[in-house]
Amino acid sequence: MIPVLADLGPIRVYTHDLFSLLAVLVGLGLYYRSLRQARILDERIVPISLAALLGGALGARLITSWEAVDEVTAAGLPLSYVLTHGPRSVIGGLAGGYLAIVLSKRALGYSRSTGDHYAAAIALALAIGRVGCFLSELPLGTPTDLPWGMSVSPEAAGAFPRCPGCGGPMHPSMLYEIGFHLGAFALISWRGRLLPVRGDTLKAYLLAYGLFRFGVEFVRGNEVQALGLSGPQLVLIPLVALLVAHFARQLRSGAYRVPMPQPVLITQGR
């Protein structure tokens, strides 16, 4: 466990924060490069990107804030404390950022679809961010007897108020996510647009990640909230349902149907 990466005089560099910042910078860099290559980068992209960052930050806090309300109120702290010190969620960040992009585009009159340019950037950014989680957060996952289970020292486990499973080998759930995102990044970078409808490559990636994350939550080690499911799983159910409904509409409308080639009529000249 490396929660603190370095102490630079009075400045303490936290591992999670550094990798989160690196993820944002790399993601934005890839996104802007993709837009520039497509020759659709204009001045409105900057405020849209800022809105996405703000929406992502708020979404990451708000979507899990209900988990910390009881703890915060019991300590006599204001509810606004949740926004600055509460738990964060990648799922909430994605949902908040996506909503902020949609609203800011409408406000600025930007009608061009840029979702496909985000897809590879988000995948790589999430992989980088999860490296920070892996190096600085516990538990790694639920207990496991599989040969790749990972253990941590009692001293590292003692730094966390809740660390179930830290007495033995655990699923390295963050590594599972890193592998998924790197695979998605490689596929999108190699193939480009995976679907013919603009914006649907991003939605397909988000749907795949939602389903993957729902499954990996069973070995993640998060607390069960209701119906035998963790908080992220409960949040994912409506989000995944919306994406499934979108693709069902696309399939019913024939959006992905490849048009049949028209027969070529050959006439004989006289």
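Before moving on, here are some points about what is shown:
- Scanning segment 148-157 for residues that are of a type in the set (Gly, Ala, Ser), assigned to a helix (DSSP H, G or I) and either over 16 Å from residue 221 (Cα atoms) or in contact with a helix residue (DSSP H, G or I) (Cβ under 6 Å, 6 or more places away or on another chain) (or both) yields a single hit, 156.
- Qualifying residues in segment 167-194 (those that are in a loop (DSSP other than H, G, I, E, B) and modelled with pLDDT of 90 or more) - the one surrounded by the most Cβ atoms within 10 Å (Cβ to Cβ): 171
- Taken over segment 5-28, the criterion of being outside any helix (DSSP H, G or I), out of contact with any Pro (no Cβ under 9 Å at 6 or more places or on another chain) and surrounded by 13 or more Cβ atoms within 10 Å (Cβ to Cβ) is satisfied by 5 alone.
- A count restricted to segment 216-251 and to residues that are in a loop (DSSP other than H, G, I, E, B) and closer than 21 Å to residue 130 by Cα stands at 4.
- Within segment 36-51, one or more residues are of a type in the set (A, V, I, L, M, F, W, C), modelled with pLDDT under 85 and buried (at least 17 other Cβ atoms within 10 Å of the Cβ).
- Of the candidates 264, 197, 224, the single residue that is closer than 30 Å to residue 111 by Cβ, hydrophobic (A, V, I, L, M, F, W, C) and modelled with pLDDT under 90 is 197.
- Within segment 7-35, being of a type in the set (Gly, Ala, Ser) and either modelled with pLDDT of 85 or more or touching a Lys or Arg at 6+ places or on another chain (Cβ under 8 Å) (or both) holds for 20, 23, 27, 29, 34.
- Of 155, 137, all but one fail to be free of Cβ contacts under 8 Å to residues at least 40 places away in the same chain and charged (D, E, K, R); the exception is 155.
- Scanning segment 195-222 for residues that are exposed (fewer than 15 other Cβ atoms within 10 Å of the Cβ) and either touching a residue at least 60 places away in the same chain (Cβ under 8 Å) or of a type in the set (Phe, Trp, Tyr) (or both) turns up 196, 198.
- Checklist (1) among the hydrophobic types (A, V, I, L, M, F, W, C); (2) in a helix (DSSP H, G or I); (3) within 23 Å of the chain's Cα centre (by Cα) applied to residue 107, failing item: (3)
- Matching residues, segment 136-147, being at pLDDT 90 or above and either of a type in the set (Asp, Glu) or assigned to a helix (DSSP H, G or I) (or both): 145
- Scanning segment 112-166 for residues that are under 19 Å from residue 95 (Cβ atoms) and polar (S, T, N, Q) gives 113, 114.
The values are calculated or read from the model by the stated rules, or taken from the named source; none is laboratory data. Note that the coordinates shown come from a computational prediction; the quantities given were computed from them, not determined experimentally. Here the Cβ is made from the backbone with ideal geometry for all residues, glycine too, and neighbour counts use every protein chain on show.
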